[in-house]
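Below is one structure; the comments refer to it alone.
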Amino acid sequence: NKIPDCRIHLGDRPINITLQRAIKSLTLWQTLKLVWKLLSFDENITKEEVEQCKQKDLLEELMKEMAGEFPKFGEVFVSERDMYLCYSLQLAALHSKHQLTQSNRALEPFNVVGVMGIGHCAGVQKYWNSKIALAEEIPKILVIPKTSTSTIVFGKTIKYGTFALVGYGIYRLTAPYLRKLF
């Protein structure tokens with residue numbers, strides 16, 4: 001804030017959209033596998049593992065592994081976010097250039113600094129140099145897809161099945177006492 005003509009712009013896609021797109025892009029089987037992996041995840045992470053993750057090659061390998069098991073999940077968290085981050089940087093650069101010309105100052109060099117995870121750098125560079133019209137693609141990756149029919153059916157089956165089991169359990173526990181009363 002103390003630097004003249006400096007603007008801060010948070011350029012990542014909202015996390016709720018990213019999470020919903022990722023979860024809704026998975027099939028029912030992939031969702032169950034993901035839940036199992038998260039529940040059985042070993043919580044002990046060593047300092048060596050953290051240092052290894054800082055290496056670009058290992059990080060790219062982990063992203064490829066995740067994309068291999070959950071392709072849509074990897075696409076939402078990596079490719080779509082790369083595209084959105086690149087678009088945000090391009091907008092920041094355009095906005096800065098526009099402000100300089102509007103203020104009747106000579107076009108001076110300016111810097112746009114993007115802070116992102118190392119795993120996104122290669123993707124942002126790829127989209128920066130590509131001929132893809134990002135302005136047309138961005139609205140598509142901001143839409144949350146509808147939940148699949150199988151997921152809705154499975155969710156309702158679990159929900160109402162749980163209610164039925166709880167109701168039956170309450171009945172079994174209270175039936176002997178109710179018989180004595182009536």
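Which of the trypsin sites (Lys or Arg not before Pro) found in the stretch 120-182 are in a DSSP loop and have at most 15 neighbouring Cβ atoms, other than their own, within 10 Å?
Here the sparse-neighbourhood loop sites are 131, 146.
Translational D (Stokes-Einstein, µm²/s) of the stretch 121-166 at 20 °C and 1.002 mPa s when Rh comes from the Kirkwood sum over C-alpha pairs?
My calculation gives 149 µm²/s for D.
Take the residue pairs 37/131; 72/156; 156/180; 37/126; 37/146 and return only those whose Cα atoms are more than 27 Å apart.
Numbers: 37/131 38 Å; 72/156 24 Å; 156/180 36 Å; 37/126 31 Å; 37/146 24 Å.
Check vs 27 Å cut-off fails for 37/131; 156/180; 37/126.
Which far-off residues, 5 or more places away or on another chain, put their amide H under 5 Å from the one on residue 148, with H placed in the peptide plane?
none
Residue by residue through the stretch 74-86, which ³J(HN,Hα) values in whole Hz follow from phi under the Karplus form 6.51 cos²θ - 1.76 cosθ + 1.60 (θ = phi - 60°), with glycine and proline marked x?
Once θ is set to phi - 60°, the couplings for the stretch 74-86 become x, 5, 5, 7, 10, 4, 5, 5, 4, 4, 5, 5, 4 Hz.
Could you do me a favour and compute the accessible area per residue for the stretch 120-182, 1.4 Å probe, result in Å²?
Values: 5210 Å² over 63 residues.
Result: 83 Å² per residue.
The values are calculated or read from the model by the stated rules, or taken from the named source; none is laboratory data. Fair warning: this is a prediction, and the values are worked out from it, not measured in the lab. Quick reminder, even Gly has a Cβ in these numbers, built from the backbone with ideal geometry, and neighbours come from all protein chains shown. Ligands, DNA and RNA are stripped out before the accessible areas are found, and what is left, the full protein with its side chains, is counted by its heavy atoms. Shrake-Rupley method; radii C 1.70, N 1.55, O 1.52, S 1.80 Å.
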